[in-house]
Amino acid sequence: MIIAIDGPAASGKGTLARRLAEHFELRHLDTGLTYRAVAAALLAKGLPLGDEDVALEIARNLDLAHMDKSILSSHEIGEAASRIAVLGGLREELVALQKSFANTPPGAVLDGRDIGTVVCPDADVKLFVTASVEARARRRTDEMLSKGQEAEFSSVLDDLKRRDARDSERTVAPMRQAEDAHLLDTTEMDIESAFKTAVDIVSRARLS
Ligand code: DC
């Protein structure tokens, strides 16, 4: 059983993916963390983000079990991850790792930008989770404020717009909804109703 979840930044896809994995007793991989881990290592070494040879070397040694979300979730690392995500050779390396995670029994939930289109085109269920950019910026701002971080709605909104453009306009594996993906627009939903809707979609797909 493979569940592929794609969508833009701050759409709630990560929370949904984690909760679906718990519910259906599957493993979960947040593929954004693989790009973030490589970006963080380049930043830590003070190397340019376009250095694909070093990025490939880091990717080859990546241990999926030891990616620390609390460190990798910073805004700076997210921006850097989005920049290195345009490197075709690096993507091939990371996609191979992600595919092997997905194909290990009993299956998995993967979330990212190109799961339904590139990583797991034959997934049993595909979801494209989105929300208006304003709703996503509001949620991201509230989340940062609740963690005691500084956040201003208008600059979070601008950041998200820039990130959406970079992720959906790149030439290699741009973010897009797979033709056979179910669209889940959470603009008017809270996380509980989004989760219930997603469980219904997956349960129906399992029966068919
Ligand atoms: O989901 P996230 O914010 O952690 O992802 C960080 C960046 O990594 C995102 O802006 C683009 C890139 N990414 C990607 O290109 N493909 C994926 N499957 C996941 C993330």
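Read the figures in this text as sums done on the coordinates, not as results from a lab. Note that the structure is a prediction, hence the values are computed from the model and not measured. Here the Cβ positions follow ideal geometry from the backbone for every residue, glycine too, while neighbour counts run over all protein chains shown.
Coupling constants for the stretch 43-50 follow from the phi torsions by the Karplus curve (6.51 cos²θ - 1.76 cosθ + 1.60, θ = phi - 60°), and in residue order they are 4, 5, 7, x, 9, x, 5, x Hz; glycine and proline get x. Note on the stretch 148-181 and the stretch 104-130: Cα centroid distance 19 Å, given to the nearest whole angstrom. With the simple model of a label 7 Å out from the Cα in the direction of the Cβ, ILE71 to LYS45 spans 1.5 nm. Spacing of the modelled spin labels on ASP63 and ARG162, each 7 Å from Cα toward Cβ, amounts to 3.4 nm. Computed about its Cα centre, the charge dipole of the chain is approximately 160 debye, with only Lys, Arg, Asp and Glu carrying charge at their Cβ. Per the Cα gyration tensor, the stretch 1-75 maps to an equivalent ellipsoid with semi-axes of 26, 13, 11 Å, ordered largest to smallest. Listed values for the stretch 78-90 are Karplus-derived 3J(HN,Hα) couplings in whole Hz (6.51 cos²θ - 1.76 cosθ + 1.60, θ = phi - 60°), namely x, 4, 5, 4, 5, 6, 6, 5, 8, 7, x, x, 4, and x replaces Gly and Pro.
Sorted on the mean count of surrounding Cβ atoms within 10 Å across their residues, most packed first, peptides 2-14, 24-36 read 2-14, 24-36.
Both the radius of gyration and Dmax for the stretch 65-208 are 16.4, 47 Å, in that order, over alpha-carbon atoms. Note on GLU22/ARG83: beta-carbon distance plugged into 1/(1 + (r/R0)^6) with R0 of 41 Å gives a FRET efficiency of 0.80.
Ordering GLY148, THR130, SER100 by Cα displacement along the dipole of the stretch 91-193 toward the positive end leaves SER100 in first place; charges were set at the Cβ atoms of Lys, Arg (+1) and Asp, Glu (-1). Taking the average, over residues, of other Cβ atoms within 10 Å as the packing measure, peptides 125-134, 79-88 rank 125-134, 79-88 from highest down.
Each peptide in 176-186, 137-147 gets a packing score, the mean of other Cβ atoms within 10 Å over its residues, and the list from highest to lowest is 176-186, 137-147. Here the Karplus curve 6.51 cos²θ - 1.76 cosθ + 1.60, taken at θ = phi - 60°, turns the phi angles of the stretch 113-125 into couplings of 10, 10, 6, x, 9, 10, 6, 10, x, 9, 3, 5, 9 Hz, with x standing for Gly and Pro. Rg of the Cα atoms in the stretch 1-129, relative to 2.2 N^0.38 Å, amounts to 1.00. Here each label is just a point 7 Å from Cα along the line to Cβ, and for GLU134 and ASN103 those points are 4.5 nm apart.
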